[in-house]
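Here the structure is laid out as structure tokens; the discussion comes afterwards.
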Amino acid sequence: MNRTTKLDVVHPCYNPHEGWDKELIHYYKIFVSQLPSQVEVKLYLVDDGSIRGVTEAHLQYLRENIPAFEYVTYSQNKGKGFALRTAIAKTQGDLIIYTDADYPYRMENAWEMFRLLNDENYDVVLGVRDDHYYSQLPFLRKIFSLSLRTMNHVFFPSMFVKDTQSGLKGFNQKGKEVFLKTHINSFLFDMEFVVLASRRKDLRLAKIQVHVRDGISFSQMSWKTIKQELLSFQNIFSRSK
């Protein structure tokens, strides 16, 4: 008899768009429909201090449609990195996968990630975005994303992947231990995680190419945010030394 695998799926959200709850359930059900029968899935939704868009009616609808559901929240917006660390610290599953609540990547990518973690026993699986992804980004976000990839090549030549900002990543308990050692609260927490994981010789790392699903629109990135993330990059580089 196959051993039951416990999978925790973690979704951060902040001021979500109208209809987000129905969209989440739609894609969540597609995701779990193709998992092996012995997999037990629990969904964690972490609300990063939203001031609109999340109501008790939304949460009740989620509880009614998702068998194992936990809502995590706090009053003040802290950043996506803080949100994910807060929720992931509460997880107890064998495996953890996180992505945005609108499931921005094709479902085949999430299934492949689970398979690599579960069947091939990798400790960390990282999504790497294809070139088509970059072509769909708003101008400043595209420039920053491509520049960051180049900076990673220059300053972190031994990093396992240079495209660190894919919003689809998964790991087991060993990978979770590394993820919880990150400090960055904003955009570059993903990069910090990849830097830390790449330095651990005892971790088995894998990567998959991920493809954005149809219908996704990307938010703009301001100059203020870019300056903040450049400071985050400097902090990560300093700590890595």
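Just so you know, all these numbers are worked out from the coordinates, no wet-lab data involved. The structure presented is a predicted model; accordingly, all values stated were derived computationally and were not measured.
Under 5 Å between amide H atoms, partner at least 5 residues away or on a different chain: which partners does VAL72 have, H built in plane at 1.01 Å?
Correct list: LEU45, VAL46, ASP47.
Shape verdict for region 57-141, please, from the Cα gyration tensor: rounded (a/c under 1.5), prolate (a/b greater than b/c) or oblate.
Oblate is the answer for region 57-141, as a/c is 1.5 or above yet b/c matches or exceeds a/b.
Among VAL124, VAL161, VAL32, which one moves the most in a GNM of the chain with springs linking Cα atoms closer than 10 Å?
VAL32
Run down the lysines and flag those whose C-alpha is under 20 Å from the C-alpha of LYS6, throwing out any fewer than 8 positions away in its chain.
The qualifying lysines are LYS29, LYS42, LYS90, LYS169, LYS174, LYS176.
Does region 115-241 come out rounded, prolate or oblate, given a ≥ b ≥ c as the square roots of the eigenvalues of its C-alpha gyration tensor, rounded meaning a/c under 1.5 and, failing that, prolate meaning a/b above b/c?
Working: a/c = 1.95, a/b = 1.22, b/c = 1.59.
Since a/c reaches 1.5 but b/c is at least a/b, the shape of region 115-241 is classed as oblate.
Taking springs between alpha-carbon atoms closer than 10 angstrom, which of PHE156, PHE114, PHE193 fluctuates most in the Gaussian network model of the chain?
Comparing PHE156, PHE114, PHE193 in the GNM, the peak value goes to PHE156.
Take the alpha carbon atoms of region 94-148, find their center, do the same for region 10-41, and report the distance between the two centers in whole angstrom.
16 Å
Would you mind telling me which residue in PHE144, PHE187, PHE218 has the biggest mean-square fluctuation in a Gaussian network model of the chain, where springs connect alpha carbons within a distance under 10 angstrom?
Highest fluctuation of the listed residues: PHE218.
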